[in-house]
1. Mind checking which residues of the range 95-117 are open to solvent by 10 Å² or more (accessible area, probe 1.4 Å) and more than 22 Å from Ala50 (Cβ to Cβ)?
2. Within the range 97-112, which residues are in contact (Cβ under 8 Å) with a residue 12 or more places away in the chain and out of contact with any strand residue (DSSP E or B) (no Cβ under 8 Å at 6 or more places or on another chain)?
3. May I ask you to list the residues in the range 135-153 that are among the polar types (S, T, N, Q) and open to solvent by less than 10 Å² (accessible area, probe 1.4 Å)?
4. If the requirement is being hydrophobic (A, V, I, L, M, F, W, C) and assigned to a loop (DSSP other than H, G, I, E, B), which of these qualifies: Ala90, Ala107, Ala98, Ala94?
5. Which count do you get for residues in the range 87-115 that are at pLDDT 95 or above and among the hydroxyl-bearing types (Ser, Thr, Tyr)?
6. Do we have any residue at all in the range 56-79 that's open to solvent by less than 50 Å² (accessible area, probe 1.4 Å), over 13 Å from the mean Cα position of the chain (by Cα), modelled with pLDDT of 85 or more and not polar (S, T, N, Q)?
7. Looking only at the range 4-55, which residues are of a type in the set (Gly, Ala, Ser) and either in contact with a Lys or Arg (Cβ under 7 Å, 6 or more places away or on another chain) or modelled with pLDDT of 90 or more (or both)?
Amino acid sequence: MPSHASPDRVRIADEDMVIEYVRQHAKLAEGASCIPNDWAYPTSFHLLLALGRRFTPAPGNDVVDMPERLCYSNAARYARAHRDEGLVYAEGFALIPAAPDVSLPHAWVVRPDGTVLDPTWNDAHGRAYIGVPVRDPRLWPGSGSGLLEDHQQVLPLLRNGFPRNALADLGRPLISDGA
């Protein structure tokens, strides 16, 4: 993206890059998948494409001193502590701030306005966040791997979908205005 591009256009291009990464992995999994046809989603990549949302990194980051490499438990712990402020746990993929074009599985917190509060990447937000905002704290991870990474948690979601009202209506649709 040219340096004269607006910050919104750059952010959308970064988000589109993450979405394309998820699409490629979903397509790769289709040839190798032996998931029953009656499941809601063949893989977590398909789930993200169907239910995922775009989230805007907020300027500045007021969360500090949460352990690196523990994004799932950091985000869940922070969302639990601040539920009264309307914060919810979100999980999916983020384009990391330090490396060009590298998407990683990640978790963060979403404010009621749909902006990201990232308790793990304290010094710099990710450039793009694509994921599902999970309202129901019973689905938030306690420690270790994330909701979409933990087979015991993700398999029922792939088979049946999310329970009614488990997801929050936050963020923006995956299909951008320019798509």
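1. From the range 95-117, those open to solvent by 10 Å² or more (accessible area, probe 1.4 Å) are 96-105, 111-113, 115; that's our starting set.
Those that are open to solvent by 10 Å² or more (accessible area, probe 1.4 Å) and more than 22 Å from Ala50 (Cβ to Cβ): Ile96, Pro97, Ala98, Ala99, Pro100, Asp101, Val102, Arg111, Pro112, Asp113, Thr115.
2. Selection gives Pro97, Ala98, Pro112.
3. Taking the range 135-153 as the starting set, the residues that turn out to be among the polar types (S, T, N, Q) are 143, 145, 152-153.
Once the filter is applied, which keeps residues that are among the polar types (S, T, N, Q) and open to solvent by less than 10 Å² (accessible area, probe 1.4 Å), the range 135-153 yields nothing.
4. Numbers: Ala90 fails: assigned to a loop (DSSP other than H, G, I, E, B); Ala107 fails: assigned to a loop (DSSP other than H, G, I, E, B); Ala94 fails: assigned to a loop (DSSP other than H, G, I, E, B).
After applying the criteria, what remains is Ala98.
5. 1
6. First, the residues of the range 56-79 that are open to solvent by less than 50 Å² (accessible area, probe 1.4 Å): 56-58, 61, 63, 66, 71-76, 78-79.
Filter again for over 13 Å from the mean Cα position of the chain (by Cα), leaving 58, 61, 63, 66, 73-74, 78-79.
From the residues that got through so far, the ones that are modelled with pLDDT of 85 or more too are 73-74, 78-79.
From what is left, the residues that are not polar (S, T, N, Q) are 78-79.
Yes, the range 56-79 contains a residue that is open to solvent by less than 50 Å² (accessible area, probe 1.4 Å), over 13 Å from the mean Cα position of the chain (by Cα), modelled with pLDDT of 85 or more and not polar (S, T, N, Q).
7. Pass one, the range 4-55, residues of a type in the set (Gly, Ala, Ser): 5-6, 13, 26, 29, 31-33, 40, 44, 50, 52.
Those that are of a type in the set (Gly, Ala, Ser) and either in contact with a Lys or Arg (Cβ under 7 Å, 6 or more places away or on another chain) or modelled with pLDDT of 90 or more (or both): Ala13, Ala26, Ala40, Ser44, Ala50, Gly52.
Quick grid of which residues meet (1) surrounded by fewer than 17 Cβ atoms within 10 Å (Cβ to Cβ); (2) charged (D, E, K, R):
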position	(1), (2)
Ala90	no, no
Phe93	no, no
Arg127	no, yes
Pro133	no, no
Leu155	yes, no
Leu167	no, no
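The values are calculated or read from the model by the stated rules, or taken from the named source; none is laboratory data. Quick caveat: nothing in here was measured; it's all calculated off a predicted structure. With ideal geometry, Cβ positions are generated from the backbone for all residues, glycine too; neighbour counts draw on all protein chains shown. Only protein heavy atoms, including side chains, enter the accessible area calculation; ligands, DNA and RNA are left aside. Shrake-Rupley method; radii C 1.70, N 1.55, O 1.52, S 1.80 Å.
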